[in-house]
Every structure is written in C-alpha cells, then in structure tokens.
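Where a number appears in this text, it was derived from the coordinates with a stated rule and is not lab data. A quick note: this is a predicted structure, and the numbers were derived from the prediction, not measured. Positions of Cβ are generated from backbone atoms using ideal geometry, with glycine treated the same way; all protein chains shown enter the neighbour counts.
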There are 2 protein chains.
Amino acid sequence: MVQKRDTEFRSPKTLSIPWVPIVRNISEIGQDNYGRLGLSHMTIAGSVMHGFKEVEVWLQTFAPGVRTPIHRHSCEEIFVVLKGSGTLYLASNSHKNYPGSPQEFPIFTNSTFYVPVNDAHQVWNTNEQEDLQFLVIISRPPVKVFIYDDWYMPHTAAKLKYPYYWDERCYETSPIKDEL
Amino acid sequence: MVQKRDTEFRSPKTLSIPWVPIVRNISEIGQDNYGRLGLSHMTIAGSVMHGFKEVEVWLQTFAPGVRTPIHRHSCEEIFVVLKGSGTLYLASNSHKNYPGSPQEFPIFTNSTFYVPVNDAHQVWNTNEQEDLQFLVIISRPPVKVFIYDDWYMPHTAAKLKYPYYWDERCYETSPIKDEL
C-alpha cells in the first residue's frame, strides 16, 4: 500500500525548521512514556521532530526504579540533572569485546555528567523516594542506539534500535486516504 | 618570546577528554563575568575547556538590564530558561545586507527558544525585578561570534570576536619560566 508520512513532520533532510515557533512553553510540549511505565520523555529540540541538524535536547523524568537500557551510541551526550538523584553505570572498557562490569557514579540535583562517545551506559533512578529529572543534550541526531541485554554481551551483539522510540513515533505512517 | 598554553587546558584537536570528571557538581564549576557587569557565565561542557567536539553547554545568569551584544553565529543554538524573563530580539532578514529592525519575543521561566543559524539576535533581561537564568546549547564549538554595533550595520561589517570571551580565557598564555 502506498503510504505517506504524517503531515505534522517532515524528513530532517528536507526541512529548514520554518514552522517551529521560536519560543515555546516547555509545559505545553507533548510528553509520552513510549511504552515504559514511569518514564516521561519530551523532545525540547529534535532532529526528526523539529529539524535541528546538529544537536538535540530532551527533558526526561524517571520515576523511582526507572532506568534506561544498557546501551551505547556514537554521539556526545551531556546531562544536566534538575531534580532527584540516581546512578550512572558506565563501562569504558572499549578495548574488550563486551562492556564488562560498569563503574557506578552517583548523580544528583544540580550535577552534570557526560557519557564518552560509544561507552556502554545506563542511567537509573536508584532513589526510591523521588523522581529523577534531567535534560539530555546529544550531538549527531537522530540518535542511533545499540542496546545490550547485559554488561557481558559482546559489543557486536548489541542490537541497533533505530529510529529510537520518540523518533519512530514521528515516522509513523498512515494510509493515504484515497478519495476516489 | 616563546610561550606555551596554560597547562590546565589543551587544544580540542588533541584531546579525548580523559581528565574531565564524569560527574560534576554544577555549583562548583567556575563562573565569571568576563568583564561584563551583571553577567555570570559558566561553561558546563565546553570545547576548548573540556574537549567536547560537537556540542557545548553554558549556564548563564543576566542581572536586570544585562544583554548580549547584537550578534550572529553559524551554529544551532537552543536556550532553556530556568528563571526569570526577558526578551529575545531576532532579525531573520538574511536576504538584506543588514539585520534590520528585529522581532521581539518574550521569553520566560520554563520556556525554550532557538536562534536560526546565522540570524542576528540579542538576548536581554528586560525584567527589572529579577535575574534571567538559562542554559545555552550550541553546536559546532567553539563559537565564532560576529558582533554588530546596531541592527542596521551591514552583515559584512560585523566584527568577528574569536575566540569568544570564555574560550579566550582558556587560551591565555603565560611565558615559559626559563629556569636557565
């Protein structure tokens, strides 16, 4: 069946973001859990969604216990923690053929942290009392995420999830309404 | 006189940011006004300072009345307003040979705004009662800023300020102590 893209979004290859309002109220930007209970994800500035080509900014809130998958990506990634606390698990053993046991880094309100390019990592709200909220800044959007089942899975076995959940939603297609 | 770079910093061309702690407390990151009264600038993640290659994140606070120069740069730029309110002045007349009278956009706590690549703009804390605080995310660091004296100065006359103030500080040189 011939399909077309949702008309609200266009390919980042063809857009010059003329229709994104210059100023937006963050509390009015759509958020979703993308099927993960306790997650709130909001794309503040997106590649697929808004046409940014070089950076992307997300606002995410993790309820207690919520965590990312163990994953890697070949972009720069910087976090600014706005609320709560938790743990960054980071495996920098890029010379092994699997991530291996990660280092644990406490993260906390008003901290910033980064993930070295291609290092396997996981962000986990390990605070049972409080939501963890942070801004995420990535380069080279849209993000291409390789997901590991565990820290001992070979790098080569990690599964590419692309487009990632929030980008995938933008690419969702709907049948053309054939008026004939 | 032969000079060397401050040993605290290295050229972004040669570094792989191994010495930047993964997690840092933002309240312990150095800030400075770089000669502009009422400005507080903090490089949370920097190119020259920390070795990031693709994105840079700043935290800036403007006292009432403080404003940026009228300027442009050929990078993507996204703001997240944490506190206060003010005005973005933006001239998108890239087809004229000068910026021309800018549009005014109110900015406010919990808003996000962006500046289209190469558009002349100015961010101004026009709220006389309150500080304006925001995160700034730019691509293609380090930033190359072209500064206009006014909105009717030709684009070609805008003066390049490079390195910009906070990057310049990183490049400051000191004479080698010649032990002989």
Net lengthening on full extension, B:ALA157/B:VAL23 (0.36 nm per residue, minus Cα-Cα): 44.0 nm
field: Extension gain from A:LYS144 to A:LYS96, taking 0.36 nm per residue of separation minus the Cα-Cα distance
entry: 15.1 nm
message: Give me, ordered by chain and number, the residues 5 or more places off A:PHE52 or on other chains with an amide H under 5 Å from its own placed amide H.
response: A:GLY46, A:SER47
message: 7 Å along Cα→Cβ for the label point: how many nanometres lie between A:ASN97 and each equivalent label in the other copies, listed shortest first?
response: 6.5
task: List the relative contact order of segment B:31-168 as a percent without decimals, with contacts defined as Cα pairs under 8 Å and 6+ residues apart.
output: 31 percent
message: What does the structure give for A:21-31 when I average, per residue, the other chain Cβ atoms found within 10 Å of the residue Cβ?
response: 5
query: How far is B:GLN129 from itself in the other copies, in nm, if each label sits 7 Å out from Cα along the Cα-Cβ line, shortest first?
result: 3.3
message: Taking the Cα centroid of segment A:127-142 and of segment B:104-118, what is the distance between the two, rounded to the nearest whole Å?
response: 22 Å
Per-residue average of Cβ from other chains inside 10 Å of B:108-118: 5
message: Quick check: net charge around A:THR126, other residues with Cβ under 11 Å of its Cβ, Lys/Arg +1 and Asp/Glu -1?
response: -2
query: Within 10 Å of each Cβ of A:134-143, how many other protein chain Cβ atoms are there on average?
result: 3
task: May I ask you to report, in nm to one decimal and beginning with the shortest, the distances from A:THR109 to the same position in the other copies, taking label points 7 Å along Cα-to-Cβ?
output: 1.5
